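Visitor: Just passing along the structure, written as structure tokens.
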Amino acid sequence: MAKQNPPLIETVDLCKSYFNDGMETPVLFDIDLTIREGEFISIMGPSGSGKSTLMHILGFLDTPTSGSYLFRGQKTRVLHDDELARIRATRVSFVFQAFNLLPRTTVLDNVILPLLYHPTIPASERTERGMKAIEQVGLTERATYFTNQLSGGQQQRTAIARSLVTEPDVIFADEPTGNLDSASGIQVMEVLQNLHSKQGRTIVLVTHEKTTAEYAERVIHILDGRIATDTRDFKRNHAKNVKHLK
Amino acid sequence: MLLRDTIQTAHRAIVAHRMRSLLTMLGIIIGVGSVVLMVSVGRSFERYILDQVESFSNNLIELYPTGYEKFGRTLDSVTYGDYEAITGLTTVKSVAPVIFITEKVQYGTEELSPNIFGTTSNFFANYGLKLGEGRLLSEADEKAARSVTVLGYEAAEDLFGQRSPLGERVQIGSRSYTVVGVMQSVGSALMQDLDTFVFVPFTTARSATGQKELSYMTMQAVEDDELALADVTLLLRQRHGIDNPENDYDKDDFRARSAEQATKIVGQVTLGLTVFIALIAGVSLLVGGIGIMNIMLVSVAERTREIGLRKAVGARGHDILLQFLIEAVTLTLVGGSIGIIGGMTLGMILAAAASKYIGYVPFVLSFPALLAAVLMALGTGLLFGIVPAKKAASLSPMEAIRWDK
């Protein structure tokens, strides 16, 4: 079913290197990857494999060194900082390992934080949208709590609510269970899975835990900066498609 | 991001870090507070002096033989003829000649060495001196060169204590004088000397001392001080045969001055002092500004993750810049306001305290100084807020998020 949907993310020969004191450290090599709308994907790999870097690039937090990245068919390398910020505000969202919630701030205020930077959603709709997102992660009763009064699992669910509030095209989750005990981890993964299965949300999960990765329909292994395996082998077809387009 | 949201965000950050915000503001509070305090103390003191000078010197003009102040002796250049000629001018009125008597004043065992003025009743009007009891010197006293005297408030108290001196006789030099009047106290620290003076009729003093020339002369300008001064000066030069079109005072053998000139000098001196002290206080404002920059930089480093998060959820560099700038400006404006209120309060307390000792000191608020203080606070916030704000805005969202890893 996901196969028929149009591609949301397409990368061709995407490379990334870091430069320190003139020394080039390559991190990603020739990544060809297509993610269609509605997919739930895990990107797996040991630490240092480049999986987080790939997610940062796909999520417009970082830019590739070479190769191309098309988001909804649009080339992204020509975008300015403000345009990238606009995409982050409207199209993509993140769930981080360390939750990254604002301290001394309520659940609701944390959840509606992205709406402050949203270019089109009016201020009057913030609370309503925020409460709707909080409801989806089952924290309605805790909406007025300060985030430091919550358990780790509840904090991560707050972060998920925050990632839902702008109705983005794709949610990137970077080791979302990394700081949680297994019971809370399962709870958080179930919330993510429900968002995919019931609402058809596109989710890209980055993890090094096999059990977490298995919640996804499709698992991509990254090793030493290259895609090692892809449970749904799109690679060849995709390469052909790109050649046709050119 | 809406400006309202940015302001609210900045406000929350300030409230969330109360202690840090307070410490940051402290430098500004002290800086602005001391500028306001120094300026208001300076202005109040200036007003006080001017009030004092003006209270006794309504259009007052004094004419001295030159060198009087330099050599401490009576010079002979200003004569009774000069006095009579000046009385004829239409631009001055209430001319009073003065001859000093350098003698002791005795009553019983009490003895004083006051300034003794041989003068006319015009003198009292010129300095705004008021009669306490008895009467002033009269024209009849003057014509008959009577041996009568009017005592300053303090002189009377020193000689007679609580008793009434009226009708008593005091010894001045070899002559005996009847006390006919006692002056009110001038009630001002600046002019306290006037209370110790002793007055006798001009003609009496002339015959007692044998002095023909005048020690000095006082008068009031009818309307314009400058005009009266020019008239008097021209007349005296003419009478003394001094050719001085270039108005070089060193060539004259006399000097005419108006109290207004004195007030202007007082004004200039206190203004200079005020500016000088305010500048020193301004240095503390600068230090306060650097304090703000310092703490804002720490705040940016401390909140790297928050900044990264905001950028990750769509904040532009410009949004972050504005947030931190508003934070800095809010801190300085709030600190500045507290400083203004504090400085003013302290100024009022000082003025009230000083009033107890040296007579009424008005509290003067200088609105240009207040405006300048507010603008300085705002400027400090902008100037020293921009560096940390730019630093925050330029943080890469990814760097910021990975900060703890």
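The values are calculated or read from the model by the stated rules, or taken from the named source; none is laboratory data. Note that this is a predicted model, so its numbers are computed, not measured. Note that each Cβ is placed from the backbone with ideal geometry, even for glycine, and that neighbours are counted across all protein chains shown. Areas reflect the complete protein model, heavy atoms only, side chains present, ligands, DNA and RNA absent. Shrake-Rupley method; radii C 1.70, N 1.55, O 1.52, S 1.80 Å.
Visitor: Give the number of residues within the stretch A:49-83 that are more than 12 Å from every other protein chain (Cβ to nearest Cβ), part of a loop (DSSP other than H, G, I, E, B) and free of Cβ contacts under 8 Å to residues at least 60 places away in the same chain.
Guide: Number satisfying all stated conditions: 6.
Visitor: Run B:PRO245 past the list (1) in a helix (DSSP H, G or I); (2) under 30 Å from B:ASP82 (Cα atoms) and report the number of the one that doesn't hold.
Guide: Failed condition: (1).
Visitor: Based on what the data block shows, is B:GLU327 of a type outside the set (Lys, Arg) and more than 44 Å from the chain's Cα centre (by Cα)?
Guide: Details: of a type outside the set (Lys, Arg): yes; more than 44 Å from the chain's Cα centre (by Cα): no.
Considered against the rule, which asks whether it is of a type outside the set (Lys, Arg) and more than 44 Å from the chain's Cα centre (by Cα), B:GLU327 comes out as no.
Visitor: Looking only at residues in the stretch A:84-122 that are among the charged types (D, E, K, R) and assigned to a loop (DSSP other than H, G, I, E, B), which one is nearest to A:SER52 (Cα to Cα)?
Guide: Step one: of the stretch A:84-122, the residues among the charged types (D, E, K, R) are A:86, A:88, A:91, A:104, A:109.
Now drop any that are not assigned to a loop (DSSP other than H, G, I, E, B), which leaves A:91, A:104.
Working: A:ARG91: 19, A:ARG104: 29 Å.
Filtering the stretch A:84-122 for residues that are among the charged types (D, E, K, R) and assigned to a loop (DSSP other than H, G, I, E, B), the one nearest to A:SER52 (Cα to Cα) comes out as A:ARG91.
Visitor: Then there is this: Being assigned to a helix (DSSP H, G or I), away from chain A (no Cβ under 14 Å) and within 30 Å of A:THR90 (Cβ to Cβ) narrows it down to one residue among B:VAL300, B:VAL275; which is it? Full working, then the answer.
Guide: Working: B:VAL275 fails: within 30 Å of A:THR90 (Cβ to Cβ).
The match here is B:VAL300.
Visitor: May I pose another question? Select, from B:GLY72, B:GLY33, the only residue that is in the same structural domain as B:GLY314 (by TED's automatic domain parsing) and either under 30 Å from B:LEU279 (Cβ atoms) or at pLDDT below 85 (or both). Talk me through it step by step, then tell me what you get.
Guide: Working: B:GLY72 fails: in the same structural domain as B:GLY314 (by TED's automatic domain parsing).
Answer to the selection: B:GLY33.
Visitor: I've got another one for you. Go through the stretch A:142-217 and tell me which helices (runs of 4 or more DSSP H), entirely inside it, have 2 or more residues that are over 30 Å from A:PRO7 (Cβ atoms). Working first, answer last.
Guide: Details: elements: A:152-164, A:182-199, A:210-213.
In the stretch A:142-217, the matching helices (runs of 4 or more DSSP H) lie at A:152-164, A:182-199.
Visitor: Filter the stretch A:59-73 down to residues that are at pLDDT below 90 and open to solvent by 30 Å² or more (accessible area, probe 1.4 Å) and give me whichever is nearest to A:PHE29 (Cα to Cα). Before you say what the answer is, go through the steps one by one.
Guide: Restricting attention to the stretch A:59-73, the residues satisfying the condition of being at pLDDT below 90 are A:61-63, A:73.
Remaining after also requiring open to solvent by 30 Å² or more (accessible area, probe 1.4 Å): A:63, A:73.
Values: A:THR63: 14, A:GLY73: 22 Å.
The residue in question is A:THR63.
Visitor: Looking at the stretch B:1-18, I want the residues that are facing chain A (nearest Cβ under 8 Å) and have a partner that is among the aromatic types (Phe, Trp, Tyr) and crowded, with 16+ Cβ neighbours inside 10 Å with Cβ atoms under 8 Å, at least 6 apart or on another chain. Which pairs are those?
Guide: From the stretch B:1-18, the pairs are B:MET1/A:TYR117.
Visitor: Find the residue count for the stretch A:103-117, including only residues that are surrounded by fewer than 21 Cβ atoms within 10 Å (Cβ to Cβ) and at the interface with chain B (Cβ under 7 Å from one of its Cβ atoms).
Guide: Residues in the stretch A:103-117 being surrounded by fewer than 21 Cβ atoms within 10 Å (Cβ to Cβ) and at the interface with chain B (Cβ under 7 Å from one of its Cβ atoms): 1 in total.
Visitor: Could you check A:ASN100 against (1) in contact with a helix residue (DSSP H, G or I) (Cβ under 6 Å, 6 or more places away or on another chain); (2) of a type outside the set (Asp, Glu); (3) more than 10 Å from chain B (Cβ to nearest Cβ) and say which number it fails?
Guide: All conditions are met except number (3).
Visitor: Sticking with this structure for a sec: Looking at the stretch B:118-236, what strands (runs of 3 or more DSSP E) fall wholly within it and have at least 1 residues that are under 25 Å from B:GLY88 (Cα atoms) and either of a type in the set (A, V, I, L, M, F, W, C) or open to solvent by 40 Å² or more (accessible area, probe 1.4 Å) (or both)? It would help to see each step written out before you state the result.
Guide: Values: elements: B:131-134, B:148-151, B:169-172, B:175-183, B:198-201, B:216-221.
Where strands (runs of 3 or more DSSP E) fall fully within the stretch B:118-236 and carry at least 1 residues being under 25 Å from B:GLY88 (Cα atoms) and either of a type in the set (A, V, I, L, M, F, W, C) or open to solvent by 40 Å² or more (accessible area, probe 1.4 Å) (or both), they are B:198-201, B:216-221.
Visitor: Tell me, please, whether a residue that is hydroxyl-bearing (Ser, Thr, Tyr), at pLDDT 90 or above and in contact with a Pro (Cβ under 6 Å, 6 or more places away or on another chain) can be found in the stretch A:193-207. Walk me through it before giving the result.
Guide: Let us first name the residues in the stretch A:193-207 that are hydroxyl-bearing (Ser, Thr, Tyr), namely A:197, A:202, A:207.
Add one more test, that the residue is at pLDDT 90 or above, and what stays is A:197, A:202, A:207.
Now narrow it down to the ones that are in contact with a Pro (Cβ under 6 Å, 6 or more places away or on another chain): none.
Looking for residues that are hydroxyl-bearing (Ser, Thr, Tyr), at pLDDT 90 or above and in contact with a Pro (Cβ under 6 Å, 6 or more places away or on another chain), one finds none in the stretch A:193-207, hence no.
Visitor: Filter the stretch A:144-165 for residues that are under 26 Å from A:ARG91 (Cβ atoms) and open to solvent by 10 Å² or more (accessible area, probe 1.4 Å); which is nearest to the other protein chains (Cβ to nearest Cβ)?
Guide: As a first pass, look at the stretch A:144-165 and keep what is under 26 Å from A:ARG91 (Cβ atoms): A:147, A:155-165.
Pick out the ones that are also open to solvent by 10 Å² or more (accessible area, probe 1.4 Å) and you get A:155, A:157.
On the way: A:GLN155: 13, A:ARG157: 17 Å.
Taking the candidates together, the pick is A:GLN155.
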